[in-house]
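Beneath this line is the structure, given in C-alpha cells, with notes to follow.
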Amino acid sequence: MKRRVSREIAFKLVFESFFVDFKKKEEIENFSEKQNVKLSEYSKKLVIGVIEKREDLDKKINLYLKNWEFERISKIIISILEIAFYEIIYVKDVDFPIAINEAVELAKKFFGNEGPSFVNGVLGSFVKDLKNLN
C-alpha cells in the first residue's frame, strides 16, 4: 500500500478518534475491520503515534496558529495537522516537503477551499522554525 493511501486511512481513524476512544492497538484494528478498511503498518504507526502523542502534538500545533484559537479549528484540520506534525517530528524517513504536500492534499480532499492554505501556512512556519534550530 502506498504511503499516500496509508496517510488517508490514518487520517480517517485519527479523525474518528475524536469520537471513539481507542485505548489499544486491537481496538483500532477492530474498528477498521468493522468499517471495512485495510490498515497498513504505516497507517497503524501514524494512528497509534498520534493518539499516544496527541497532547504534545496539539501544544505544538497551537504555537503555530496565528490569530486562531485551537478549539475553533475544525477536527478535520486538526487531524491532518496532527499526522503531519507527527511525521515531521517522529518519522525519520519522511522529508518535510513530502509531509507538508501530503497534508495539503488531504485538506484539499476532505476540507475545501481555505483548508489547504491554512495547513500549508501552519506547517510552513513549523518547518521554518525547525530548520532554524538546526
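The values are calculated or read from the model by the stated rules, or taken from the named source; none is laboratory data. Model, not experiment: these values are computed from the prediction. Cβ coordinates were reconstructed from backbone atoms using ideal geometry, including for glycine residues, and neighbour counts include every protein chain displayed.
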Among the candidates Phe18, Phe70, Phe31, residue that is surrounded by fewer than 18 Cβ atoms within 10 Å (Cβ to Cβ), modelled with pLDDT under 95, within 27 Å of Lys131 (Cβ to Cβ) and of a type in the set (Phe, Trp, Tyr): Phe70
So how many residues does region 104-117 have that are closer than 16 Å to Trp68 by Cα and surrounded by fewer than 20 Cβ atoms within 10 Å (Cβ to Cβ)? 3
Among the helices (runs of 4 or more DSSP H) confined wholly to region 17-134, which include 3 or more residues that are free of Cβ contacts under 8 Å to residues at least 60 places away in the same chain and polar (S, T, N, Q)? 114-133
Scan of region 1-15 for residues that are crowded, with 22+ Cβ neighbours inside 10 Å and either in contact (Cβ under 8 Å) with a residue 60 or more places away in the chain or on the phi > 0 side of the Ramachandran plot (or both), ordered by number: Arg7, Ala10, Phe11, Val14
